[in-house]
Amino acid sequence: MKLSLARHLLPAITLLLPALALAQTPLVSAPENEAGRSLYQDNCASCHEQPELTKSPPVDTLRRMGPRAVSYALTNGKMIAQAANLSPEQIDALVSYLAGTAAVDNSWIAANTCPAARLAV
């Protein structure tokens, strides 16, 4: 009985293992963000590259936080004082670098939105 069960599970396991390996691979990767990397090196790396000494989260943790959390920390949260000298564009570049997001072209939204005159029903 046990041998029969193992014989049936083996094909399922051999199919499942490659799928699990691919599930960990990102499907989309952002192009290198030189401006964001430079901003990180100039403004963030001194603490986030020495987490044991500074008690700050390491860069890998920042990357897993996602763009909303990183942006909030820089604009309204614990890092607001450190980001005070950054422009909104610089903050966007830094968030994009840390969160691995690419610039998104949302111009299609305006092109497909009804004119204001048509909004009244």
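By the Stokes-Einstein formula, at 0.692 mPa s and 37 °C, the stretch 42-98 with its Kirkwood radius over alpha-carbon pairs has D equal to 288 µm²/s.
So, R0 is 30 Å and r is the distance between the beta-carbons of Asp42 and Ala116; what FRET efficiency does that work out to, to 0.05? Efficiency for this residue pair is about 0.10.
Laboratory data are not the source of any read-out in this text; all were calculated from the coordinates shown. Keep in mind that what you see is a predicted model, and the values were worked out from it rather than measured. Ideal geometry is used to build each Cβ from the backbone, glycine not excepted, and the neighbour counts take in all protein chains shown.
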